[in-house]
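Peer 1: Take a look at the following structure, please.
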Amino acid sequence: MLTGTHSEAASYEFTTLTCIPGIILYNDAKIQLLDLPGIIEGASEGKGRGRQVIAVAKSSDLVLMVLDASKSEGHRQILTRELEAVGLRLNKRPPLIYFKRKKTGGIAFNTTVPLSHIDEKLCYQILHEYKIHNAEVLFREDATVDDFIDVIEGNRKYIKCVYVYNKIDVVGIDDVDRLSRKPNSIVISCNLKLNLDRLLAKMWEAMGLVRVYTKPQGQQPDFSEPVVLSTDRGGCCVEDFCNHIHRSLLKDVKYVLVWGTSAKHYPQRCGVTHVLQDEDVVQIVKKKETEEDGARGRFKSHSNAPARISDREKKAPLKN
């Protein structure tokens, strides 16, 4: 319905049997939406092709968990538990724990804040369970044991999730108000096409996409197709913008001119570390090509003549 791509829908569960891709055109950006089959309890162990479905979610920027508003909250807890069992952490940030393995020196344990969930002895026991006897550990926040284990494993994926409650047309207004007030949640009705525009706005806000428009020198900006950047993928500075266009462009950049909310005045001359914001306009100024040795005029030692005598052009013979 959002992408215009046909996806089978019926009054029974598990209608979608395979991944169905679609493209959403929103705010001049193309967002790929994948309609995945539903997962059941035990999907993290491979039931119902659950591992294949969850593997697609691991590479995404945002997870839309579509739930039935007329059913209990147990479905949301089951799905969250299955995703966390395979290493997905929904609506969480990486814990502020510095961990580095070493070859010698034993275990160095330090903390900058008081810890209430874990102590030094428990940390040593966890590291010994993983057969780690030489490491450096620094806690910068009051983290739990599970957070410390996630840092040791190193393969956790932190993804934003929006809980979408469908079929609000079959429940009362009190239930709709209660579901809509939950964090990271939104209520819709696909049958009556209710609140779909708010769903797109919620997706855009959660993904944190930044649109940057290009401006050729001496011409008007090109507002037809922006360069879309993201904090979760690469970053939003000028260096990431140049790498998004071409990898070899960064070494030729002298400076950039920026118009938009990130600039203090129009235009602002910035370097490659300047952080861009949504709907900024960027003009790249490249370095001028100079002689190799830097000399000019009659003082230059570089000649454009061929290096070999055989490569030189022969003069025409003189006329008699």
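Peer 1: Using packing as a proxy for protection, rank 124-132, 221-229 so that the peptide with the highest average count of other Cβ atoms within 10 Å comes first.
Peer 2: Values: 124-132: 12.8, 221-229: 15.0.
Highest-to-lowest ranking by the protection proxy: 221-229, 124-132.
Peer 1: Which shape class applies to the stretch 154-216: rounded if a/c is under 1.5, otherwise prolate when a/b exceeds b/c and oblate if not, where a ≥ b ≥ c are the square roots of the Cα gyration tensor eigenvalues? Kindly include the intermediate steps, with their values, before the conclusion.
Peer 2: On the way: a/c = 3.15, a/b = 1.61, b/c = 1.96.
It is oblate, given that a/c is not under 1.5 and a/b is not larger than b/c.
Peer 1: Related question: So between ILE107 and SER224, what do we pick up on full extension, going 0.36 nm a residue minus the alpha carbon distance?
Peer 2: Working it through step by step, the gained length comes to 36.5 nm.
Peer 1: Straight-line reach from LYS103: which lysines have Cα under 20 Å away, leaving out those fewer than 8 places along the same chain?
Peer 2: LYS131
Peer 1: So how far, in whole Å, is the C-alpha centre of the stretch 120-186 from the one of the stretch 37-104?
Peer 2: Rounded to whole Å, the Cα centres lie 10 Å apart.
Peer 1: Let me ask something else about it. Give the residues of the stretch 253-288 whose amide nitrogen is closer than 13 Å to a point set 7 Å from the Cα of LEU25 in the direction of its Cβ.
Peer 2: Counting only backbone N, you get no residues.
Peer 1: With both partners inside the chain, how many of the DSSP beta bridges are antiparallel, as a percent to the nearest 5? Walk me through the numbers on the way to the answer.
Peer 2: Working: 29 of 50 bridges.
Rounded to the nearest five, the antiparallel share is 60 percent.
Peer 1: Restricting to DSSP H runs of at least four residues, report the calculated mean residue ellipticity at 222 nm for the chain, -39500 (n - 2.57) per run over all residues, nearest 500 deg cm²/dmol.
Peer 2: Calculated mean residue ellipticity at 222 nm is -6000 deg cm²/dmol.
Peer 1: Here's something else I'd like to know. Compare LYS319, LYS30, LYS71 by solvent-accessible area with a 1.4 Å probe and give them largest first, with all protein chains kept in place.
Peer 2: LYS319, LYS30, LYS71
Peer 1: While we're here: 5 Å is the cut-off here: which amide hydrogens, built 1.01 Å from N in the peptide plane, fall below it relative to TYR158, excluding neighbours closer than 5 in sequence?
Peer 2: Correct list: ARG89.
Peer 1: How large, in Å, is the stretch 156-273 by the Kirkwood hydrodynamic radius built from its alpha-carbon pairs?
Peer 2: 17.7
Peer 1: A further question follows. Give me the lysines in straight-line cross-link reach of LYS287: C-alpha distance below 25 Å, same-chain residues under 8 apart excluded.
Peer 2: In chain and number order, the partners are LYS215, LYS251, LYS254, LYS264, LYS300.
Peer 1: What is the chain's relative contact order, in percent, from Cα pairs under 8 angstrom and six or more apart in sequence?
Peer 2: Computed over the chain, the figure is 12 percent.
Peer 1: Cα atoms only: what Rg and Dmax, in Å, come out for the stretch 101-162?
Peer 2: 12.6, 45
Peer 1: Can I ask one more? With a/c under 1.5 counting as rounded, go ahead and sort the stretch 27-157 into rounded, prolate or oblate using the C-alpha gyration tensor (a ≥ b ≥ c being the square roots of the eigenvalues; past the cut-off, prolate if a/b is larger than b/c, else oblate). Please report the intermediate quantities before stating the final value.
Peer 2: Numbers: a/c = 2.26, a/b = 2.12, b/c = 1.07.
Verdict is prolate for the stretch 27-157.
Peer 1: Please list, or write none, the lysines whose alpha carbon is within less than 27 Å of the alpha carbon of LYS193, excluding same-chain residues fewer than 8 places away.
Peer 2: Cross-link targets: LYS30, LYS71, LYS160, LYS167, LYS182, LYS202.
Peer 1: OK, next. Going highest first, how would you order 108-121, 192-205 by mean Cβ packing within 10 Å?
Peer 2: Put in order of decreasing packing, that is 192-205, 108-121.
Peer 1: What does the C-alpha gyration tensor say about the overall shape of the stretch 94-223? Classify as rounded when a/c is under 1.5, otherwise prolate if a/b is larger than b/c, or oblate.
Peer 2: It comes out oblate by the Cα gyration axes.
Peer 1: What is the set of long-range amide H partners of ILE23 at a cut-off below 5 Å, with H atoms built 1.01 Å from backbone N?
Peer 2: When sequence neighbours closer than 5 places are left aside, the close amide H contacts are LEU33.
Peer 1: Here are several values of Rg/Rh (Cα atoms, Kirkwood Rh): (i) 1.14; (ii) 1.02; (iii) 0.96. Which one was derived from the coordinates shown?
Peer 2: (i)
The values are calculated or read from the model by the stated rules, or taken from the named source; none is laboratory data. Small disclaimer: the values here were computed from a predicted structure and weren't measured. So basically every Cβ, Gly included, is an ideal-geometry build from the backbone, and we count neighbours across all protein chains shown. Ligands, DNA and RNA are stripped out before the accessible areas are found, and what is left, the full protein with its side chains, is counted by its heavy atoms. Shrake-Rupley method; radii C 1.70, N 1.55, O 1.52, S 1.80 Å.
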